[in-house]
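Since the structure comes first, as structure tokens, the remarks are kept for the end.
The values are calculated or read from the model by the stated rules, or taken from the named source; none is laboratory data. Quantities reported herein were computed from a predicted structural model and do not represent experimental measurements. All Cβ positions, even for glycine, are placed from backbone atoms using ideal geometry, and neighbour counts span all protein chains on display.
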Amino acid sequence: MGGEVRKEITVKSIAGLEREGGRITDNKIAGFVARRLPSGRIQFGYQYGSCQARRWINIGLLGEVTPAEARRRAEKYAGQVADHRDPAAEFKTKTARSENTVNAILDKFLEIYVPQKKLRSAAAIAGAFARYVRPAIGGKVIYDLDRADITKILDKIAAEHPRMADVTLAYLRKAFNWQQTRDGKFKTPIVIGMARTSIKDYARDRILAADELADIFGALDELGTEVPACYPAFIKTLLLTAGRRTEVALMHTGEFENGCWTIPKARYKTKIDHVVPLIPPIRQLLPERQDGFIFSSDGGKTAFSGFSKAKAALDRKVAEIRKREKRKAMPEWRLHDLRRTARTLMAAAGVPDNIGERVLGHVIAGVHGVYNRFAYRDEKAAALTKLAAHVDGIMHPRPNVVRMGKRAKRAASSPA
């Protein structure tokens, strides 16, 4: 065949094109073309416009589309041209839009921005997107977003977790602002005033009172199958180790040695190995595991991560207990409050400040912190033992068997 031939593009004419090469321009649909590529494959396309501004739309390769399917698409493009439309430009716009869905933008944000900024909250950000954002608007094109889309997401989260609504909003705002710096056509739908709570509502000074701790522990004992079996021990371990949520959740048997749990610097906030003595009250809490993650629902293969769902169940149980006992509802609290509470209880139990800070893994400021690399394992073990005893006293209050009158008489008779 060779060269260019004007005839109807059919299965028969395509067979000749495969043998002899060249190009066929359809004689019924102007612009419909079939051509043999250097690779030997047949490509269908549609071309239109003047010689000075010729446009080409790739319809597909033979085998991926049939001649009949290619003809139908060419007819569609011809109709668009007849209506003074530009199908190539429309196709380019459609492709660009499909590549800019919320899911695609969030993927790029997690792939590029988060590692670039070395954000320690990477796992939390990805989790919030997966749990709250992607199911709701993941498939939507970012140029079609409006405030109502964001408001619906926040309303749904805030119904159970007002604080999490604001956290998710902060993550999403960061991602959209980042995209806005890269894409002049995109304008973030997030504006000032969308937060559900003020900063004052969540000041970082929440300390759980004794009755609140007792209610939490009591609720954990009543939850049963509402939460993973490892969850009650996880919450109690958070308190007794004064640990951070993610660090404790990722506790692994490979980090145990000589009666201690060493959180490697690679996943610790200060980027320094942090040693936690596993005193008996802590060891008794830990699920038995030969190898793998300690807090796990699949035998140690993966670490526990269902924080929001389990916390919601715990909060409901606490509310149920308080309602049952005709007491006021418990003010909202966060898992991180357990760490702050642990530090306060250690101080109340007489643990020196410098040891309490080391139990929490805080960096000690000044020359003392730079040059003093003593591990303080015994001192930290003693501090955690005092903390455990203090917590046990809250959970199991001991009756005051010595009456005030006898105590006063005993004090008076004691030598000075």
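Residue-by-condition table, conditions (1) over 21 Å from the mean Cα position of the chain (by Cα); (2) basic (Lys, Arg):
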{"residue": "Val248", "(1), (2)": "no, no"}
{"residue": "Lys269", "(1), (2)": "no, yes"}
{"residue": "His274", "(1), (2)": "yes, no"}
{"residue": "Leu278", "(1), (2)": "yes, no"}
{"residue": "Asp291", "(1), (2)": "yes, no"}
{"residue": "Phe295", "(1), (2)": "no, no"}
{"residue": "Ala313", "(1), (2)": "no, no"}
{"residue": "Arg316", "(1), (2)": "yes, yes"}
{"residue": "Arg327", "(1), (2)": "yes, yes"}
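Answer with yes or no whether Gln284 is more than 24 Å from Glu357 (Cα to Cα), at pLDDT 95 or above and not basic (Lys, Arg).
Working: more than 24 Å from Glu357 (Cα to Cα): yes; at pLDDT 95 or above: yes; not basic (Lys, Arg): yes.
So Gln284 fits the description; yes.
Looking at the range 42-53 only, could you name the residues that are free of Cβ contacts under 8 Å to residues at least 24 places away in the same chain and either outside the structural domain of Ala89 (by TED's automatic domain parsing) or within 53 Å of the chain's Cα centre (by Cα) (or both)?
Let us first name the residues in the range 42-53 that are free of Cβ contacts under 8 Å to residues at least 24 places away in the same chain, namely 43, 45, 47, 49-53.
Once the filter is applied, which keeps residues that are free of Cβ contacts under 8 Å to residues at least 24 places away in the same chain and either outside the structural domain of Ala89 (by TED's automatic domain parsing) or within 53 Å of the chain's Cα centre (by Cα) (or both), the range 42-53 yields Gln43, Gly45, Gln47, Gly49, Ser50, Gln52, Ala53.
Taking Gly356 as the residue in question, decide whether it is modelled with pLDDT of 90 or more and outside the structural domain of Met164 (by TED's automatic domain parsing). Before you say what the answer is, go through the steps one by one.
Working: modelled with pLDDT of 90 or more: yes; outside the structural domain of Met164 (by TED's automatic domain parsing): yes.
Criteria met by Gly356.
Table: residues versus (1) in contact (Cβ under 8 Å) with a residue 60 or more places away in the chain; (2) charged (D, E, K, R); (3) surrounded by fewer than 12 Cβ atoms within 10 Å (Cβ to Cβ); (4) not in a helix (DSSP H, G or I).
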residue: Arg19; (1), (2), (3), (4): no, yes, yes, no
residue: Asn27; (1), (2), (3), (4): no, no, no, yes
residue: Arg35; (1), (2), (3), (4): no, yes, no, yes
residue: Gly40; (1), (2), (3), (4): no, no, yes, yes
residue: Gly60; (1), (2), (3), (4): no, no, no, yes
residue: Ala70; (1), (2), (3), (4): yes, no, no, no
residue: Arg73; (1), (2), (3), (4): no, yes, no, no
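Glu288 versus (1) touching a Leu at 6+ places or on another chain (Cβ under 8 Å); (2) surrounded by fewer than 18 Cβ atoms within 10 Å (Cβ to Cβ); (3) in a loop (DSSP other than H, G, I, E, B): which is the lone unmet condition?
(1)
Pull out all pairs, ordered by first then second residue, where Cβ-Cβ is under 8 Å, the residues are six or more apart or on different chains, the first lies in the range 153-170 and is free of Cβ contacts under 8 Å to residues at least 12 places away in the same chain and basic (Lys, Arg), and the second is assigned to a helix (DSSP H, G or I) and surrounded by 21 or more Cβ atoms within 10 Å (Cβ to Cβ).
So the pair list comes out empty.
Name the residues in the range 216-244 that are touching a residue at least 60 places away in the same chain (Cβ under 8 Å), over 13 Å from Leu338 (Cβ atoms) and either surrounded by fewer than 17 Cβ atoms within 10 Å (Cβ to Cβ) or more than 24 Å from the chain's Cα centre (by Cα) (or both), would you?
Here is the first cut: in the range 216-244, the residues touching a residue at least 60 places away in the same chain (Cβ under 8 Å) are 216-220, 222-223, 226-231, 233-235, 238-244.
So of that shortlist, the ones also over 13 Å from Leu338 (Cβ atoms) come out as 218-219, 222-223, 226-231, 233.
Within the range 216-244, Gly218, Ala219, Glu222, Leu223, Glu226, Ala229 meet the criteria.
Conditions: (1) assigned to a helix (DSSP H, G or I); (2) crowded, with 17+ Cβ neighbours inside 10 Å; (3) at pLDDT 95 or above. Pro189 meets all but one. Number of the miss?
Going through (1) assigned to a helix (DSSP H, G or I); (2) crowded, with 17+ Cβ neighbours inside 10 Å; (3) at pLDDT 95 or above one by one, Pro189 breaks only (1).
Take Glu90 and decide whether it is farther than 18 Å from Phe307 by Cα, loosely packed, with under 13 Cβ neighbours inside 10 Å, without any contact (Cβ under 8 Å) to a residue 60 or more places away in the chain and not basic (Lys, Arg). Give the steps one after another, and end with the answer.
On the way: farther than 18 Å from Phe307 by Cα: yes; loosely packed, with under 13 Cβ neighbours inside 10 Å: no; without any contact (Cβ under 8 Å) to a residue 60 or more places away in the chain: yes; not basic (Lys, Arg): yes.
For Glu90, the condition - farther than 18 Å from Phe307 by Cα, loosely packed, with under 13 Cβ neighbours inside 10 Å, without any contact (Cβ under 8 Å) to a residue 60 or more places away in the chain and not basic (Lys, Arg) - is not met.
Considering (1) assigned to a helix (DSSP H, G or I); (2) more than 30 Å from Ala130 (Cβ to Cβ); (3) within 49 Å of the chain's Cα centre (by Cα), say which one Phe109 fails and leave the rest.
That leaves (2) as the condition not met.
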